[in-house]
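Step one of this worksheet: look at the structure below.
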Amino acid sequence: MAKKKDMVLPKDPRYLKYPIDEPFDPRWTAWNCSRCSCCKWIDSWRVKSWKYARICPQHKRFMFDAFSAQGKCDLALAVIDGKMKWTDDPKIKDILFQCTMCGGCDAMDKGIRDAEVLKMMKWMREQYINEVGVLPDHQPLVDSVRNYDNVWIQPRTRRNSWAKGMEIRDPNKEKAEVLLFVGCTYGLSEELKATIKNVATILKKGKVNFGILGSKELCCGSPVEKIGVVSEFERLAKSNIECFNKLGVKTVVMPCAGCFGTIGQEYDERISVKKNFEVLHITELFERLIDDGKLKLKKEVPLKLTWHDPCHQGRLGRPYVPGKELEGVYEPPRNILKAIPGVELYEMERIKEYSWCCGGGGGVFTAFKDFAQWTALERLEEAKDTGAQAIATSCPWCESNLGNAIKGMEEKIGIHSLTDVMMSAL
Amino acid sequence: MDKERHAIILEALQSAIGKENVEDSLSVMMAYHRDWLPPGVLNPTLPEFVTLPDGTEQTQQVIKICNRYNVPFIPLGSSQWSVTTAPNRPGTLIIDSKRMNDIVEIDEKNMYAVIEPYVTMAQVHAEANKRGLYLGSPEASAQASAMAGHVFQGMWGVGHRLGVGHRNILAMEWVLPNGEILQTGSWSNSEKTRFFGEGPGTDLRGMLRGLAGALGGIGMVTKMAIKLHPYPGPKEFPCEGMIPNHTSTLPPERFQWYIIKYPTLEKAAHAMYEISTAEIAGVLQKWPTVYYNWWWANSNEEYWKTWKEGVWQKHVKYAVAVCLWGFTSEKQLDYEKGVLEDIIEETKGKLIPQEIYDKWVPRTANNWIRDTNGSRMMRPSGTFAALRLPFDTINSSIDVCRVGADWVEKFSPPILDCDAPDWISSYDFGHFGAAETDFPLEKNVEDLGDIMQKLMGMLKEDLSHGIEGGFGPFLGGAYHAMAGSIFYNYGKLLGGIKKAMDPNVISNPPQNYPVERED
């Protein structure tokens with residue numbers, strides 16, 4: 001009788017199960033790129049039109065394949081295998097850094113294979129920085145974080161200025177259940193001051209026991225992590241986790257999607273210190289308060305809105321589990337908007353895990369303003385095509401970059417922070 | 001290429017199409033040097049330049065520069081998987097079509113679209129669906145170039161109705177290797193009419209069509225009119241859930257999937273004939289068992305877990321997948337259901353268990369209408385390979401598949417575990433069939449190199465016996481040079497066309513046939 005043949009399985013165990021818990025291997029990710037081009041387009045089932053079929057702003061803008069995750073896989077493999085060095089070509093700077101690190105390519109790639117191309121791209125930036133140095137346009141940001149623990153070259157004491165007169169507790173002095181982590185941009189921007197005040201006001205109305213660190217708050221580290229200065233990121237991350245743990249807060253909530261994605265995900269990936277607190281985006285907490293009856297959205301706000309999913313709140317907002325849905329904080333903001341009387345919500349074609357980036361992330365806002373604006377204009381065009389009067393979002397980087405682009409438009413569209421719209425309804 | 005020559009050509013290109021549309025930097029070239037196989041298997045080389053012309057006239061200018069300076073060029077569509085679009089010799093120029101990304105026109109009444117090379121299948125689908133129309137889609141993913149999907153292979157999930165891709169080509173605008181612009185079909189007579197593919201003389205589409213087409217060996221098509229077909233589906237492709245676990249269910253009153261199991265490949269093929277003769281269904285396929293898992297699994301772990309458990313081997317080996325479409329009405333769907341159920345009974349087929357149907361169909365089946373997951377074929381082992389791609393009758397596919405299955409068994413390992421690796425498709429209601437033996441392979445240079453050698457050995461052995469049914473045509477010129485003299489000297493025809501159309505031998509040599517420059 002013929003012996004039944006054993007099943008012939010891959011020799012490399014990483015094909016049998018993606019090694020999510022092992023140290024990341026960038027070469028593995030690059031090696032397994034098959035030039036399928038999924039990183040350039042939104043998932044084909046989701047394509048609703050010719051116009052809005054792309055996922056990668058960098059590839060759409062610059063068009064050469066090098067400006068895509070696929071091209072970066074080729075570059076990574078070439079450098080790792082010794083075929084070229086980071087210093088061989090000045091164009092490498094543009095390929096690596098004229099990218100918003102929005103994770104669109106990463107999300108679409110996860111649709112067809114177990115891989116983490118965004119991690120590979122972060123590794124590339126880190127390697128480039130170590131060998132070549134920080135980009136000159138990014139150096140002021142790095143210096144600001146080193147010297148002032150914020151990205152805006154502002155004195156630490158200014159972090160408190162928005163909260164003047166609001167009597168918000170200091171959790172170092174008075175126990176708080178919730179820490180409102182304000183973030184550098186909401187905390188220090190004059191333009192966005194009203195929004196963060198509204199956040200605090202709404203939390204008060206919802207009778208949330210919360211505090212802020214004020215001038216003692218450190219940057220979450222997102223901007224330096226995105227541009228490859230990992231040492232600074234690790235310093236900030238460790239300090240923040242230790243601080244939040246020491247405060248004994250149950251929840252850390254943040255109105256900035258960048259902070260949310262960083263403290264929620266990046267900290268777990270890079271830092272071994274355990275977090276003893278829950279991480280929420282402000283829209284998640286607001287939704288809970290509405291569902292619990294603690295906030296009542298009664299006033300009519302007649303607005304036709306479309307919702308922009310910030311990358312770090314959406315596809316980069318939850319941990320990656322191979323085979324599981326790319327969850328993110330998609331529904332809470334939508335539920336809030338739908339609950340506001342008078343608001344009509346229109347959806348853009350590219351939403352949730354296949355949302356088009358605002359253009360403000362990855363250091364692009366600082367170093368490549370034209371590209372940041374170009375990306376934003378595409379998003380605003382998409383928003384206008386829904387018939388909405390305004391675009392709403394919940395990230396200060398999105399608000400700033402989209403807001404700047406709107407200023408240059410002939411036929412403008414409005415922009416609102418979700419918090420501000422909610423405030424109008426309370 | 002020496003620096004002085006490089007500089008002269010670079011300046012000429014930049015003057016012709018703009019400085020920002022020409023690249024020669026090392027890091028950019030690196031993104032164009034590889035095909036889908038790992039470096040070290042086919043050893044492609046770096047290009048010298050990559051250009052982005054914006055249309056026919058700029059493409060013509062680039063090609064004329066290539067002629068002047070004797071620079072081989074390769075036209076690129078989406079470059080997905082890139083079988084023969086990676087440079088094979090130094091000093092090559094890439095004509096990248098990314099700025100030619102327009103759907104120029106959709107004529108709803110006459111049911112055609114005019115597209116440029118960097119428009120994807122998904123984009124055309126989306127616009128066509130809005131207008132009650134559709135087209136085919138390669139299972140290798142709908143983010144591939146729609147134009148390329150019409151000239152290369154064109155094995156579509158819906159080929160049962162629409163035929164292979166190249167049957168749907170109408171008029172074209174085409175830049176020849178010598179830089180002349182050719183318009184074919186009704187386009188040659190008028191800018192306004194592009195819906196008619198034939199001309200008054202010989203049908204020039206024949207030069208581009210074939211199992212694998214001309215592979216860029218006869219210039220570059222910059223605009224193409226393609227047939228669209230009436231579609232009973234919704235204006236938006238239905239999709240629920242989130243990556244990687246989304247599902248799609250088309251309206252049940254117009255679309256109905258059946259997965260019917262048979263005990264042997266012969267019985268499955270017979271059922272396909274019966275269904276074809278009855279002229280029902282929009283999709284009719286017999287997939288390799290691995291296809292069910294390749295497209296379905298959302299992770300490597302899920303793939304190998306269900307494979308090791310034998311889920312797919314037990315339930316879908318030799319299964320025939322049918323999607324009935326109520327093209328004209330719900331009544332048509334009801335009618336076709338009745339016909340199919342009779343055929344299932346007569347051919348003693350058995351529907352797969354409901355549990356497996358519910359597990360697989362919503363998550364996967366509609367990939368064969370608008371594909372999005374073809375690249376999942378790479379997931380569980382990094383790559384796959386194919387053996388023998390005959391285009392002949394459905395029945396002739398059986399013998400080819402049987403030999404293929406034996407070959408796969410013989411060379412496993414390194415070929416990984418798979419079961420009934422036979423893919424048989426129906427085209428034009430069974431007027432012909434195509435087959436492919438597909439199998440997973442671990443992506444390492446050793447295993448791939450080993451299998452590539454064995455595949456080449458098999459190809460040469462086939463030729464020595466006068467058999468043509470392999471993947472050879474997909475290699476293009478190198479294969480035709482070997483096979484031409486064996487099969488009625490077709491190589492002479494290809495060589496003659498090549499010499500006439502490409503006297504300087506610069507259009508993706510050695511495609512579509514290796515010839516020498518006359519001087």
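Structure notes:
- Checking A:Lys91 against (1) crowded, with 24+ Cβ neighbours inside 10 Å; (2) without any contact (Cβ under 8 Å) to a residue 60 or more places away in the chain; (3) facing another protein chain (nearest Cβ under 8 Å), the condition it does not meet: (1)
- Looking only at residues of the range B:360-373 that are within 19 Å of B:Met242 (Cβ to Cβ) and out of contact with any helix residue (DSSP H, G or I) (no Cβ under 8 Å at 6 or more places or on another chain), we find that the one that is surrounded by the most Cβ atoms within 10 Å (Cβ to Cβ) is B:Ala365.
- Flag if B:Thr193 is closer than 21 Å to B:Val158 by Cα, among the polar types (S, T, N, Q) and over 25 Å from the mean Cα position of the chain (by Cα): no
- Checked against (1) within 7 Å of chain B (Cβ to nearest Cβ); (2) of a type outside the set (S, T, N, Q); (3) not in a helix (DSSP H, G or I), A:Cys33 passes all but a single condition, namely (1).
- Listed by position, the helices (runs of 4 or more DSSP H) contained in the range A:212-313 that have at least 3 residues being open to solvent by less than 20 Å² (accessible area, probe 1.4 Å) are A:222-226, A:230-247, A:257-261, A:282-291.
- Residue identified as surrounded by 24 or more Cβ atoms within 10 Å (Cβ to Cβ) and among the β-branched types (Val, Ile, Thr) among B:Thr56, B:Thr51, B:Thr45: B:Thr51
- Any hit, the range A:339-347, residues being in contact with an Asp or Glu (Cβ under 7 Å, 6 or more places away or on another chain) and buried (at least 22 other Cβ atoms within 10 Å of the Cβ): no
- Note on the range B:78-129: among residues that are among the basic types (Lys, Arg) and more than 8 Å from every other protein chain (Cβ to nearest Cβ), the one that is farthest from B:Ala478 (Cα to Cα) is B:Lys109.
- Cβ-Cβ contacts under 6 Å between residues 6 or more apart (or on different chains), taken from a first residue in the range B:203-221 that is outside any loop (DSSP other than H, G, I, E, B) and open to solvent by less than 20 Å² (accessible area, probe 1.4 Å) to a second residue that is of a type in the set (S, T, N, Q) and at pLDDT 85 or above, are listed as B:Met220/B:Thr59.
- Close pairs from the range A:354-376: first more than 14 Å from every other protein chain (Cβ to nearest Cβ) and among the polar types (S, T, N, Q), partner surrounded by 24 or more Cβ atoms within 10 Å (Cβ to Cβ) and part of a loop (DSSP other than H, G, I, E, B), Cβ under 8 Å, at least 6 apart: A:Gln373/A:Gly359; A:Thr375/A:Thr100; A:Thr375/A:Trp356; A:Thr375/A:Cys357; A:Thr375/A:Cys358; A:Thr375/A:Gly359
- Test: residue in the range A:47-57 that is at the interface with chain B (Cβ under 7 Å from one of its Cβ atoms), without any contact (Cβ under 8 Å) to a residue 12 or more places away in the chain, surrounded by fewer than 24 Cβ atoms within 10 Å (Cβ to Cβ) and closer than 27 Å to B:Ala144 by Cβ: yes
- Failed condition for A:Ile129, given (1) within 7 Å of chain B (Cβ to nearest Cβ); (2) more than 26 Å from A:Trp41 (Cα to Cα); (3) buried (at least 19 other Cβ atoms within 10 Å of the Cβ): (1)
- Scope the range A:10-33; condition open to solvent by less than 10 Å² (accessible area, probe 1.4 Å), touching a residue at least 60 places away in the same chain (Cβ under 8 Å) and among the hydroxyl-bearing types (Ser, Thr, Tyr); matching residues: A:Thr29
- Within the range B:113-149, the residues that satisfy the criterion of being in a strand (DSSP E or B) and of a type in the set (Gly, Ala, Ser) are B:Ala113, B:Ser145.
- Among (1) more than 7 Å from chain B (Cβ to nearest Cβ); (2) in contact with an Asp or Glu (Cβ under 6 Å, 6 or more places away or on another chain); (3) not in a helix (DSSP H, G or I), the one test that A:Phe64 misses: (1)
- B:Tyr134 falls short on exactly one of the conditions (1) closer than 25 Å to B:Glu279 by Cα; (2) more than 14 Å from chain A (Cβ to nearest Cβ); (3) open to solvent by less than 10 Å² (accessible area, probe 1.4 Å), and that condition is (2).
- Any hit, the range A:140-150, residues being over 18 Å from A:Thr262 (Cβ atoms), assigned to a loop (DSSP other than H, G, I, E, B) and open to solvent by 10 Å² or more (accessible area, probe 1.4 Å): no
- Residues in the range A:106-123 that are under 17 Å from A:Gly317 (Cβ atoms) and either more than 12 Å from chain B (Cβ to nearest Cβ) or small (Gly, Ala, Ser) (or both): A:Ala107, A:Glu116, A:Leu118, A:Lys119, A:Lys122.
- Which numbered condition A:Val199 misses (of (1) assigned to a loop (DSSP other than H, G, I, E, B); (2) open to solvent by less than 20 Å² (accessible area, probe 1.4 Å)): (1)
- Breaking point among (1) in contact (Cβ under 8 Å) with a residue 12 or more places away in the chain; (2) under 27 Å from A:Ala107 (Cβ atoms), for A:Lys294: (2)
- If the condition is being of a type in the set (A, V, I, L, M) and either touching a Phe, Trp or Tyr at 6+ places or on another chain (Cβ under 7 Å) or closer than 15 Å to A:Asp149 by Cβ (or both), then the range A:227-250 contributes A:Val229, A:Leu236, A:Ala237, A:Ile241, A:Val249.
- Residue list for the range B:346-373, filter: facing another protein chain (nearest Cβ under 8 Å) and part of a helix (DSSP H, G or I): B:Asn366
- Any hit, the range B:18-40, residues being away from chain A (no Cβ under 12 Å), surrounded by 20 or more Cβ atoms within 10 Å (Cβ to Cβ) and touching a residue at least 24 places away in the same chain (Cβ under 8 Å): no
- Some residue of the range B:189-196 being at pLDDT 90 or above and surrounded by 24 or more Cβ atoms within 10 Å (Cβ to Cβ): no
The values are calculated or read from the model by the stated rules, or taken from the named source; none is laboratory data. The structure displayed is predicted, hence computed values, not measured ones. Reconstructed Cβ throughout: ideal geometry from the backbone, glycine too, with neighbour counts over all protein chains shown. The protein model used for the area step is the full one, side chains on, heavy atoms only, and it has no ligands, DNA or RNA in it. Shrake-Rupley method; radii C 1.70, N 1.55, O 1.52, S 1.80 Å.
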